[in-house]
Amino acid sequence: QGTRDHAPAQAALRDRLLSAVVSCFKRHGAAAIDTPVLELRETLIGKYGEGTKLIYELQDQGGELLALRYDLTVPFARYLAMNKITNMKRYHIAKVYRRDNPATSRGRYREFYQCDFDIAGQFDPMIPDAECLKIVHEILSDLQLGDFLIKVNDRRILNGVFAVCGVPESKFIPACSTVDKLDKVPWEEVRSEMVGEKGLSAEAADRIGEYVQLHGGLELIERLLQDPKLSQNKLAKEGLGDMKLLFEYLTLFGITGKISFDLSLARGLDYYTGVIFEAVLLQQENEHVEEAVSVGSVAGGGRYDGLVGMFDPKGRKVPCVGVSIGIERIFSILEQRLEASGEKLRTTETQVLVATPQKHLLAARLKLISELWDAGIKAEMLYKKDPKLLKQLQYCEDTGIPLAAIVGEQELADGVVKLRDVATREEVRM
């Protein structure tokens with residue numbers, strides 16, 4: 001089916017991963033916003049380019065045409081328009097659904113989590129966009145996934161390139177989705193698809209090729225601003241001006257070492273209007289894994305200024321920029337690394353097990369564990385009236401619980417608890 005169940009160790013790993021992502025989103029002041037799993041079919045159709053054919057469509061008993069959400073961005077835009085919200089910073093972590101061919105080894109499923117962060121509102125150019133890139137940088141650095149690169153481009157620059165190369169406007173989006181394949185296939189294949197399938201002239205394709213194979217930083221932006229053809233195109237000039245500003249902000253954030261201005265980046269979704277970005281892992285740095293896990297991009301996003309207006313009866317626009325963290329792909333990488341290293345993962349966050357060495361002391365355990373819970377301490381006990389002490393300590397070892405709080409007859413008489421470090425077997429009375 002392309003969905004998955006999780007063993008306790010996998011669930012613990014996912015939990016750890018999601019906690020790291022959420023704490024980053026909260027650090028940047030985002031509020032948690034939820035939208036329904038079901039949307040009207042018409043809300044989703046026509047927003048995803050070639051992805052539209054992967055939408056799960058449903059027919060309601062009342063005859064309404066519904067669909068399962070394909071991503072978290074379009075429902076968010078609908079939410080803003082319906083509630084007349086013009087300003088918001090939000091995050092949303094939830095499942096989305098795609099009728100895709102699953103490739104579980106590459107973290108590709110039909111039901112999977114997305115982790116989105118979005119900034120909606122009318123602000124000065126490139127400040128929110130720079131923050132989104134900073135968030136991607138923070139998360140990928142925190143998770144220690146190895147070397148990564150964040151590719152950045154702008155739809156306006158791309159459209160400007162198509163225009164000066166002689167591509168008719170009606171073919172911008174098809175040309176875009178072909179260019180987007182450049183990270184997977186060589187330029188020759190992209191060129192032949194442009195000419196053979198998308199109907200572009202060979203000359204136009206060659207001219208596009210001169211631009212879309214370029215990548216670099218500020219110096220490339222400066223060079224393109226001086227380009228005799230591109231500098232005459234209004235869209236491209238706007239895009240390059242904003243890109244220059246973005247790089248200035250990213251320099252202040254100290255992250256340009258991991259950022260590449262890449263003209264081949266197109267991102268296949270129809271709703272992007274400005275800056276677009278995608279993060280890729282550069283290599284699998286793990287000797288234990290014989291073949292590197294090829295997982296493609298692990299985060300992506302961009303600016304979508306026109307989407308909210310599509311849902312507003314008066315067409316009022318709310319500029320938005322957002323990023324989605326590819327949590328399933330990251331999870332696949334971490335899972336394989338964990339398996340390769342043979343490391344055991346704690347499946348519980350329990351800090352202490354309440355234990356008794358003799359019989360008939362269930363009441364003492366229940367009183368003590370209640371006190372610990374009320375004090376906010378993560379505690380467990382075995383669900384047996386009279387468990388053997390060895391069994392209780394073995395449970396701590398199996399699950400990785402670091403401490404055992406032991407109350408026996410002697411401890412009760414002395415009004416103390418014996419706290420035992422499970423690993424070192426050291427004990428203190430308190």
Next item on the list: Please determine, in degrees from 0 to 90 and to the nearest 10, the orientation of helix 127-142 with respect to the longest principal axis defined by the Cα atoms of the chain, where the helix direction is its Cα long axis.
Entry: 40
Next item on the list: List, in the order given, every pair from Lys26/Lys47; Lys53/Lys89; Lys359/Lys391 whose Cα-Cα distance in the structure shown is over 22 Å.
Entry: Lys26/Lys47; Lys53/Lys89
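For the stretch 26-145, give me the percentage of DSSP beta bridges that are antiparallel, rounded to the nearest 5 percent.
DSSP beta bridges in the stretch 26-145 are roughly 90 percent antiparallel.
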Item checked: Gyration tensor verdict on the stretch 4-139 (Cα atoms; rounded if a/c is under 1.5, prolate if a/b is larger than b/c, oblate otherwise) -> oblate
Checklist line | Rg to Rh quotient for the stretch 352-429, alpha carbon positions, Kirkwood Rh | finding: 0.92
Notebook entry, point to check: Counting DSSP beta bridges with both partners in the stretch 352-429, what percentage is antiparallel, nearest 5?
Noted result: 55
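Sorting Thr273, Thr399, Thr424, Thr356 by accessible area (1.4 Å probe), largest first, what list results?
Thr424, Thr273, Thr399, Thr356
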Margin query: Of all beta bridges DSSP finds with both residues in the stretch 8-341, what is the antiparallel percent, to the nearest 5?
Written below: 90
Check: Just Gln351, Gln394, Gln410 to compare: in a GNM of the chain, with alpha carbon springs under 10 Å, which one fluctuates most?
Finding: Gln410
Item checked: Span from the the stretch 1-72 Cα centroid across to the the stretch 153-179 one, whole angstrom -> 30
Checklist line | Relative contact order, percent, the stretch 8-341 [alpha-carbon distance under 8 Å, six or more residues apart] | finding: 23
Next item on the list: Express in Å², to the nearest 10, the accessible area of Trp373 obtained by rolling a 1.4 Å probe over the protein heavy atoms while all chains stay in place.
Entry: 140
Margin query: If I take every Cα pair under 8 Å that is 6 or more residues apart in the stretch 352-429, average their sequence separation and divide by the length, what percent do I get for the relative contact order?
Written below: 33
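In whole percent, how big is the carbon plus sulfur part of the accessible area of the stretch 8-341, probe 1.4 Å, protein atoms only?
50
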Note to self: Loop by DSSP (not H, G, I, E, B), at most 11 other beta-carbon atoms within 10 Å: where is the longest site-free stretch of the chain for trypsin sites (Lys or Arg not before Pro)?
What the structure shows: 185-313
Next item on the list: Mind grabbing the accessible area of Asp305 for me, 1.4 Å probe, Å², rounded to tens?
Entry: 50
Notebook entry, point to check: So between Leu252 and Gln59, what do we pick up on full extension, going 0.36 nm a residue minus the alpha carbon distance?
Noted result: 64.4 nm
Margin query: Where in the chain is the longest stretch that carries no GluC sites (Glu not before Pro) classed as loop by DSSP and with at most 16 other Cβ atoms within 10 Å?
Written below: 65-196
Next item on the list: Counting only heavy atoms of the protein chains, get the accessible area per residue of the chain (1.4 Å probe) and round it to a whole Å² value.
Entry: 50
Next item on the list: Determine Rg/Rh for the chain; Rg is computed over alpha-carbon atoms and Rh is the Kirkwood hydrodynamic estimate from the same atoms.
Entry: 1.09
Note to self: Using helices alone, I'd like the mean residue ellipticity at 222 nm for the chain: each DSSP H run of four-plus residues gives -39500 (n - 2.57), total over residue count, nearest 500.
What the structure shows: -12000 deg cm²/dmol
Next item on the list: Could you work out how far the C-alpha centroid of the stretch 306-369 sits from that of the stretch 128-148, in angstrom?
Entry: 19
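The values are calculated or read from the model by the stated rules, or taken from the named source; none is laboratory data. Just so it is clear, the model here is predicted, and its values are computed rather than measured. Ideal geometry is used to build each Cβ from the backbone, glycine not excepted, and the neighbour counts take in all protein chains shown. Just so you know, the surface numbers come from the protein's heavy atoms only, side chains and all, with ligands and any DNA or RNA stripped out. Shrake-Rupley method; radii C 1.70, N 1.55, O 1.52, S 1.80 Å.
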